[in-house]
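Visitor: Please read through the structure below; I'll follow up with questions.
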Amino acid sequence: MHKAVKSLSLLFIVAIAMAFLEAAVVVHLRALYYPDRPLMIFPLRLLPEDALQVELARELGTLIIILCVAWLAEKNFTRVFAAFLFIFGLWDIFYYVWLKLVLGWPVSWLEWDVLFLIPWPWLSPWIAPVAVALLFVAWSAWALIAGTHVRLTPFSGTLFLAGAALVLATFLLPGFPLLAQGVEGFRDYRPGAFSWGVFSLGMLAMTAGLIKSVRDSRSTAPRWF
């Protein structure tokens, strides 16, 4: 238990530090591209293509770092997966904490944000990914500290993945109609309605899958990974 708590504490520090680095980049980007309104990113102002390519590479690099840290911290696949979700969730939560402390943004609970850029911009109110992140952190913290071996069965794993697909769809859907216009389609983009119903269904499925994995870990249910 002591070793698990120590490992969790180090992952916690890594996640918070990475969140600050992410927030610092965004603060600088807003100063460059939104000097007149750093607290309002909509309507969108597009990065030049060379800067956009660098930003895409930076996002991919961040995910690789999180995966490598998780791989170094844990041994079997399920615990590596849990460590990845733990870092990723805390990174996402504290990214907004740092932005609030440094920049004063977000200014409202339902304010929209550009979450990610791969394969095209993910768009949603910032509170939606934070809700997902809180679920990830809660489950992964239990998984990393639990004395029993964590199990993801075919049923619980499929339920989680189905929910994750629904949530991801709600993030990708706002930008999908703009793809036919290319990059220019996102110029001056303003948010519309968010699919809270689909998002809630996805969250419910993910939560059910992860709760089922907790119960399966205390039984002899067949293991998926």
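The values are calculated or read from the model by the stated rules, or taken from the named source; none is laboratory data. Here the structure is a predicted model, which is why all the values come from computation and not from measurement. Backbone-built Cβ (ideal geometry, glycine too); neighbour counts: all protein chains shown.
Visitor: Would you confirm, using the coordinates I've provided, whether Leu67 is part of a helix (DSSP H, G or I), under 14 Å from the mean Cα position of the chain (by Cα) and not hydroxyl-bearing (Ser, Thr, Tyr)?
Guide: On the way: part of a helix (DSSP H, G or I): yes; under 14 Å from the mean Cα position of the chain (by Cα): yes; not hydroxyl-bearing (Ser, Thr, Tyr): yes.
Criteria met by Leu67.
Visitor: Name, by its number, the condition in (1) under 30 Å from Leu8 (Cα atoms); (2) part of a helix (DSSP H, G or I) that does not hold for Trp105.
Guide: Trp105 satisfies every listed condition except (2).
Visitor: Can Ser156 be described as in contact with a Ser or Thr (Cβ under 9 Å, 6 or more places away or on another chain), at pLDDT 90 or above, crowded, with 16+ Cβ neighbours inside 10 Å and farther than 21 Å from Gly89 by Cβ?
Guide: For Ser156, the condition - in contact with a Ser or Thr (Cβ under 9 Å, 6 or more places away or on another chain), at pLDDT 90 or above, crowded, with 16+ Cβ neighbours inside 10 Å and farther than 21 Å from Gly89 by Cβ - is not met.
Visitor: Within segment 169-213, count every residue that is among the aromatic types (Phe, Trp, Tyr), at pLDDT 95 or above and not in a helix (DSSP H, G or I).
Guide: Number of matching residues: 1.
Visitor: Restrict the check to segment 29-40 and report whether at least one residue is surrounded by 15 or more Cβ atoms within 10 Å (Cβ to Cβ), in contact with a Leu (Cβ under 7 Å, 6 or more places away or on another chain) and in a loop (DSSP other than H, G, I, E, B).
Guide: yes
Visitor: Which condition does Gly104 not pass, out of (1) in contact with a Ser or Thr (Cβ under 9 Å, 6 or more places away or on another chain); (2) modelled with pLDDT of 95 or more, if it passes all the others?
Guide: (1)
Visitor: Given (1) surrounded by 15 or more Cβ atoms within 10 Å (Cβ to Cβ); (2) within 16 Å of Leu144 (Cβ to Cβ); (3) modelled with pLDDT of 95 or more, identify the lone condition not met by Ile13.
Guide: The number of the failed condition is (1).
Visitor: I've got another one for you. Just to verify a result, which residue in segment 114-141, among those that are closer than 17 Å to Phe42 by Cα and out of contact with any helix residue (DSSP H, G or I) (no Cβ under 8 Å at 6 or more places or on another chain), is surrounded by the most Cβ atoms within 10 Å (Cβ to Cβ)?
Guide: Filtering first and then ranking leaves Pro125.
Visitor: Mind listing just one residue for me: the one in segment 74-98 that is part of a helix (DSSP H, G or I) and among the charged types (D, E, K, R) and, of those, farthest from the chain's Cα centre (by Cα)?
Guide: Arg79
Visitor: Also, quick follow-up: Mind telling me which of the residues Ala70, Ala83 ends up being small (Gly, Ala, Ser), at pLDDT 95 or above and touching a Ser or Thr at 6+ places or on another chain (Cβ under 8 Å)?
Guide: Numbers: Ala70 fails: touching a Ser or Thr at 6+ places or on another chain (Cβ under 8 Å).
It is Ala83.
Visitor: Sticking with this one: Any residue that is β-branched (Val, Ile, Thr) and part of a helix (DSSP H, G or I) - is there at least one of those in segment 44-60?
Guide: For segment 44-60, residues β-branched (Val, Ile, Thr) and part of a helix (DSSP H, G or I): present.
Visitor: Okay, next question. Report the residue count in segment 147-193 for those that are out of contact with any Gly (no Cβ under 9 Å at 6 or more places or on another chain), of a type outside the set (S, T, N, Q) and within 22 Å of Leu46 (Cα to Cα).
Guide: Residues in segment 147-193 being out of contact with any Gly (no Cβ under 9 Å at 6 or more places or on another chain), of a type outside the set (S, T, N, Q) and within 22 Å of Leu46 (Cα to Cα): 14 in total.
Visitor: Val150 versus (1) closer than 20 Å to Asp216 by Cβ; (2) β-branched (Val, Ile, Thr); (3) in a helix (DSSP H, G or I): which is the lone unmet condition?
Guide: Of everything listed in (1) closer than 20 Å to Asp216 by Cβ; (2) β-branched (Val, Ile, Thr); (3) in a helix (DSSP H, G or I), Val150 misses just condition (3).
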